[in-house]
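The values are calculated or read from the model by the stated rules, or taken from the named source; none is laboratory data. Keep in mind that what you see is a predicted model, and the values were worked out from it rather than measured. Cβ placement follows ideal geometry from the backbone for every residue including glycine, while neighbour counts extend to all protein chains displayed.
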Amino acid sequence: MTIDRVAVLGCGLMGSGIAEVCARAGLETTVREVDDDLLEAGLGRIRKSLGRAASKGKLDETQVDEILARITGTTRLADLADVDLVVEAIVENLEVKTETFAELDRVVQPQAIFASNTSSLTITELAAATGRTDRFIGLHFFNPVPVMKLVEIVRVLSTSDETVADAQEFVRAVGKDPVLARDNSGFIVNRLLVPYLLDAIRAVEEGVGSIEDIDKAMQLGCGHPMGPLTLLDFVGLDTTYFIANIMFEEYREKRFAPPPLLKRMVLAGHNGRKSGRGFYDYSDR
């Protein structure tokens, strides 16, 4: 099928980025949030991102206006009835996601594809809440969405080949590169990345090196753009803790178990850049 109209559920950090790249690719994009305040905050995030792109000469003012004109905000699921693709990017909570998809299944046209941007929950659990498991898929974008090129496409046992092909075409149409992944918690990237980040925390716990030296070692020794502890602050320690717990529940392997230091930092509210303090202090930045 041709995907011309896209709906994005949630207009937070990920949802606003997904909506932006869809609109920049020329697709009519509807963004749904649960209330007007969250919706306006998300749309403001999109306007700010486009403004940055314009200030760098990547877009002109006319293009910004055209992109914004392709984005419609709503708080009603009923307004998504005629879309070709729904991309869910709401809170990482299984019950909330399944309830939302079950309601959407009754509203959105039968031929539409449903997708989730979840980074840790299994797609099969979400698809089971609908009557269109053949047209249900995972589309895992990466933050920041306008910059990061990768999208993990995750199929379940019942996902049709046609849905996978349509998803690949959509991902390329919005300027991203797709990879196919099995429906295991964490998919490809987080399955490899999360144990690495957790091991960096264990290295701090065990006194292997200072926070600064651990980061510097991985930057200079492995060519990483940022060290693991800086990356943890950027992702959010609470987010990492949440994902690690889900993955440990799935695999029951020690490498996915959150270290005690991570738990203590989250309980103390030291969640990284967004809270002003994580492994580094951001309060004066």
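Of everything in segment 186-202 that is free of Cβ contacts under 8 Å to residues at least 40 places away in the same chain, aliphatic (A, V, I, L, M) and surrounded by fewer than 18 Cβ atoms within 10 Å (Cβ to Cβ), the residue that is farthest from residue 260 (Cα to Cα) is 188. Filtering 55, 120 for residues that are buried (at least 16 other Cβ atoms within 10 Å of the Cβ) and assigned by TED's automatic domain parsing to the domain that holds residue 131 leaves a single hit, 120. All conditions in (1) modelled with pLDDT under 95; (2) surrounded by fewer than 17 Cβ atoms within 10 Å (Cβ to Cβ) hold for residue 65, with the sole exception of (1). Test each condition in (1) more than 19 Å from residue 282 (Cβ to Cβ); (2) touching a strand residue (DSSP E or B) at 6+ places or on another chain (Cβ under 7 Å) for residue 236 and report the one that comes out false. Condition not satisfied by residue 236: (1).
Select from segment 276-285 the residues that are surrounded by 15 or more Cβ atoms within 10 Å (Cβ to Cβ) and either in a helix (DSSP H, G or I) or in contact with a strand residue (DSSP E or B) (Cβ under 9 Å, 6 or more places away or on another chain) (or both) and list them in ascending order. Selection gives 278, 279, 280. Mind listing just one residue for me: the one in segment 85-112 that is touching a helix residue (DSSP H, G or I) at 6+ places or on another chain (Cβ under 9 Å) and among the acidic types (Asp, Glu) and, of those, farthest from residue 122 (Cα to Cα)? Once the filter is applied, the top-ranked residue is 103. Within segment 165-177, residues that are over 11 Å from residue 1 (Cβ atoms) sit with their Cβ atoms under 6 Å from residues that are assigned to a helix (DSSP H, G or I), at 6+ positions apart or across chains, in these pairs: 174/21; 174/22. All told, residue 265 meets the bar of being surrounded by 15 or more Cβ atoms within 10 Å (Cβ to Cβ), more than 21 Å from residue 186 (Cα to Cα), within 25 Å of the chain's Cα centre (by Cα) and touching a residue at least 12 places away in the same chain (Cβ under 8 Å). All of 5, 32, 76 fail the test of being surrounded by 16 or more Cβ atoms within 10 Å (Cβ to Cβ), more than 26 Å from residue 242 (Cβ to Cβ) and at pLDDT 95 or above, apart from 5.
The rows are residues; the columns are (1) modelled with pLDDT of 95 or more; (2) closer than 18 Å to residue 8 by Cβ; (3) not charged (D, E, K, R).
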| residue | (1), (2), (3) |
| --- | --- |
| 137 | yes, yes, yes |
| 141 | yes, yes, yes |
| 149 | yes, no, no |
| 162 | yes, no, no |
| 168 | yes, no, yes |
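Of the strands (runs of 3 or more DSSP E) lying entirely inside segment 10-93, those containing at least 3 residues that are within 17 Å of the chain's Cα centre (by Cα) and hydrophobic (A, V, I, L, M, F, W, C) are 85-88.
Residues in segment 184-223 that are in contact with a helix residue (DSSP H, G or I) (Cβ under 6 Å, 6 or more places away or on another chain) and at pLDDT below 95: 185, 186.
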